[in-house]
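A short worksheet on the structure shown next.
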Amino acid sequence: MKVTTTISLLAGIALCAALQLNAQPGFIQQNISDSYQKPTDICAADLNNDGHADIITVGGGDGGNISWWENDGNNNFSEHTLYTGFTGARGVRAADMDDDGHIDIVAAAWEANTILYLHNDGDGEFTDHTVDDEFIGAHTIDLYDVDMDGELDILCSGFDFHGHEGEIAWWKNDGIGPSSWTKHVISERFQQSPFIHAADINGDNIPDVVACGELNGEVLWWENDGTGEFISENMIDDDFPYAHTVIARDLDQDGDNDVLGAACMSSKLAWYENDNGSFTKHPLPGYSGAIWLDAADVDNDGDMDLFGAGMGSGTLNWWKNDGNQNFAKKNLGDDFASGFAINAIYLDDDSDLDFIAIGNNSNKISWFDNTTEGIHYNHPECCVFDYENQCWYISNTGLADPGYLVCVDSEGEMTILPEEIENPLGMCLAEGVLYISDGDNAILGYNTDTWEQVLNLAFTPNGNFDGMAYNGNGKLYVVDTGGAIYEITLETGAVSVFVDSGLSAATQDIVYDATKDCLYAVGWCPGAPVQEISCSDGTITNHSTPFGYYDGITMDQAGNLYLASHQSGGRIIKYAAGFNNQFDLISTGHNEPAGLHYNTQNNVLAVPNFGGSTVDFINLSPTGVKAPSEPIGMIAFPNPVNGTFRINSLKCASAAMGIRITNMYGKEIMHIENYVFGDAIHVENIPAGVYFVVPVGKSTREEALKIVLR
């Protein structure tokens, strides 16, 4: 059973320029706590697998603590203290360290000289394990697969107040159990090393390490040979007094990681432009108590902006990039003193980056809602592909807000269709008309050329109108989640009850099988069967399944069925034509996947994530077998791509071949006759989106290297 990965359309498509690219971000500060004692670090992760980003902090309360701030789904946070007596609690990061599907926590305490691993046993229960209790001045944590063996390792810097040389080091994850770690020292160069960060610095796709020394004002990087052995020490800057934070990002989007630096006690900021491991320093204006500097596309204009925190500043700030690395300082909010750490995350289910931050002396934890206007998904429920107009329609329920439809065209641009619909759920395209189930209100129909409403059947279901299917011969079938399926004769608008008994509890979706002249239906209940319903007489045949809580079903041109289940965080299951009870797990990791649609023209399965407000596209072969996400021996770097990228062949680095770059609909964007592996490919004028690099002579679904342009 092969589990495959998917691409988030939210991260990959180009937003409508008229509404998005000209928008200016504003920020609304939302207070989480103003009494959390001396917070020192913050990060975010979904700790209880409910589809919502939680917040993790460490601070000085209770003798040093680790806290989980649980998100109720509406960005209201409740604190769970996970560990106390963690003296000098300083750094925290979160990731799935043992590949069990649950996010774990790793934290460091400089006074306790301890690195602690909190194993998430599921459902938010944590068991603590000591990684090292003799690491002097354990300070900042990073989590990365240092030796490239498939296991996440731990990196930590040593902030030593005691007068002898400290260490930067990494601990190998032996993959045996939560207490199995082996320490490897990288360097003893610094007495006080407050920060360590892993990233590929020299473009060889191997994680190197960047670190700094506060007392000697140095910033350096160490080259990793790919096994966790660091074979060279390289100076970036030997004149950055009181260096405190170093983070590697591709700030100028030229394909390599630059380095960003903040120096707290000298109030200095700088970024270092990377040229294959050699650096040019670009000082930035002074920033009082500068303790944090990072980069992200804050305003969704395609370039990387800066954001930071200063212990001496009364505000948190971001710096807008004009596209040429000239930065204009702007406030995030006017009520946030002694900023200590700040991170950018998608917190509120829209397409704009928000921020979470802590104030050390102000005892404050806040998040900042980015209010950049733009088109985004809001709890999408169903996808349909329009073959004539070459676009996707995605219904968005909006939950408490009125719903709406988003159209995504062949270039990846998004528009909102003119009609506002209260609660659009299921959809079906038939004879140039898009039919929509409007919750418990009506069945609606719109001409897809004019968007004139051509149908409005308002009657009251037992539950909600939901999934739809068309039989190709004038009959539209509509699910009533209260236990019925209606048949609508489109020519006359006549409605009759097709099935009103024997359906699974809370039936959600249906698909029509022309070969057998039947409907397949799935329901929202444990152990739900796939129900085969004859269109001639309405008889029901149940096909048992081991899953359940289904919210979507679709079919490809070969008759294979694809089911969306909310179990285990969200999964897509395929059953072969004829339903012989043999299934394949196509994809996992979705967030409440709903009304699926299979585009038979391009063999793309669209998965709307109701809980995550995103849409995933899974690229399949015509037989429904997942194509490799990267052809053997080819890799792209960087990926995601910002302006320029390269392709390497692990088989033959000097070979050349013809390649095509296509969008996700198969349209060719670029053609290179004789590409030499390792040469730069410039894509500055191509819209953001999901693309495929295809060797000439191959199909996009047989051997396609997937890339994401940002």
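The values are calculated or read from the model by the stated rules, or taken from the named source; none is laboratory data. Remember, it's a predicted structure, so these values are computed and weren't measured experimentally. Using ideal geometry, Cβ is built from the backbone for each residue, glycine included, and neighbour counts are taken over all protein chains shown. Ligands, DNA and RNA are excluded from the accessible area calculation, which covers all protein heavy atoms including side chains. Shrake-Rupley method; radii C 1.70, N 1.55, O 1.52, S 1.80 Å.
General remarks:
- Too-long pairs where the Cα-Cα distance tops 31 Å, listed order kept, from Lys281/Lys320; Lys38/Lys268; Lys183/Lys364; Lys172/Lys330; Lys38/Lys329: Lys183/Lys364; Lys172/Lys330
- Asn447 versus Asn674: modelled label distance in nm, points set 7 Å from Cα along the beta carbon direction: 5.5
- Overall, the anisotropy analysis places the range 157-312 in the oblate class: the square-rooted eigenvalues a ≥ b ≥ c of its C-alpha gyration tensor yield a/c not less than 1.5, with a/b not exceeding b/c.
- Where the Cα pairs of the range 79-199 fall when distances are cut into 5 Å bins, in %: 2, 12, 23, 24, 19, 12, 5, 2, 0
- Arg90 long-range amide H proximity, modeled H, under 5 Å: Ala108, Ala109, Trp110
- For the range 288-295, backbone phi angles converted through the Karplus equation (6.51, -1.76, 1.60; θ = phi - 60°) give residue-by-residue couplings of 4, x, 3, 10, 8, 8, 9, 9 Hz, Gly and Pro being listed as x.
- Under Karplus coefficients 6.51, -1.76 and 1.60, residue-wise ³J(HN,Hα) of the range 469-480 in Hz, glycine/proline x: 8, 10, 8, x, 9, x, 10, 10, 10, 10, 7, 10
- Base-10 log of normalised Debye intensity for the range 468-601 (one unit scatterer per alpha-carbon) at q = 0.13 Å⁻¹: -0.50
- P(r) tail, the range 254-314: Cα-Cα pairs separated by more than 13 Å, 63% of all pairs.
- Placing a label point 7 Å from the Cα of Ala577 along the Cα-to-Cβ line, the residues of the range 603-618 whose backbone N sits under 16 Å from it are 603.
- Per-residue HN-Hα couplings for the range 36-51 [Karplus 6.51, -1.76, 1.60; θ = phi - 60°; Hz; x = Gly/Pro]: 8, 5, 6, x, 10, 7, 8, 8, 9, 6, 8, 7, 10, 6, 9, x
- Net lengthening on full extension, Asn685/Asn331 (0.36 nm per residue, minus Cα-Cα): 124.4 nm
- Whole-percent pair-distance distribution, where bins are 5 Å wide, for the alpha carbons of the range 299-431: 2, 9, 15, 15, 14, 11, 11, 10, 7, 4, 2, 1, 0
- Cα→Cβ-extended label distance, 7 Å offset, between Ser501 and Thr81, nm: 6.0
- In the full protein context, the chain carries 37 Å² of accessible surface per residue, based on a 1.4 Å probe and ignoring ligands, DNA and RNA.
- The Cα center of the range 29-67 and the Cα center of the range 471-527 differ in position by 47 Å.
- Reachable aspartates and glutamates, given that their alpha-carbon falls under 16 Å from the alpha-carbon of Lys706 and they are not under 8 places away in the same chain: Asp616, Glu630, Glu668
- nm² value of the averaged projected area, convex hull over the Cα atoms of the range 396-459: 4.6
- Neighbours of Lys183, meaning other residues whose beta-carbon lies under 11 angstrom from its beta-carbon, give a summed charge of -3 when Lys and Arg score +1 and Asp and Glu score -1.
- Amide H to amide H, with H built 1.01 Å from N, Asp145 comes under 5 Å of Asp153, counting only residues 5 or more places away or on other chains.
- If you bin all the Cα-Cα distances of the range 417-543 at 10 Å, starting from zero, the percentages per bin are 14, 47, 31, 8, 0.
- The range 43-133 gives an Rg/Rh value of 0.96, both radii derived from C-alpha positions and Rh following Kirkwood.
- Under the Debye formula (equal points on every Cα, no solvent term), log10 I(q)/I(0) of the range 283-372 at q = 0.18, 0.20 Å⁻¹: -0.74, -0.90
- Using only side-chain charges placed at the Cβ, +1 for Lys and Arg and -1 for Asp and Glu, the dipole size of the chain relative to its Cα centre rounds to 840 debye.
- Sequence-distant residues sharing a close amide H with Cys382 (under 5 Å, placed H): Ser395, Gly595
- Solvent-accessible area assigned to carbon and sulfur over the range 379-523 amounts to 43 percent, based on a 1.4 Å probe.
- Heavy-atom accessible surface of the range 128-261: percent carbon and sulfur, 1.4 Å: 43
- Inter-probe distance in nm under a simple model that places probes 7 Å from Cα toward Cβ, at Ala558 and Asn389: 3.1
- Calculated [θ] (222 nm, deg cm²/dmol) that DSSP helices of n ≥ 4 give over the chain, each run adding -39,500 (n - 2.57): 0 deg cm²/dmol
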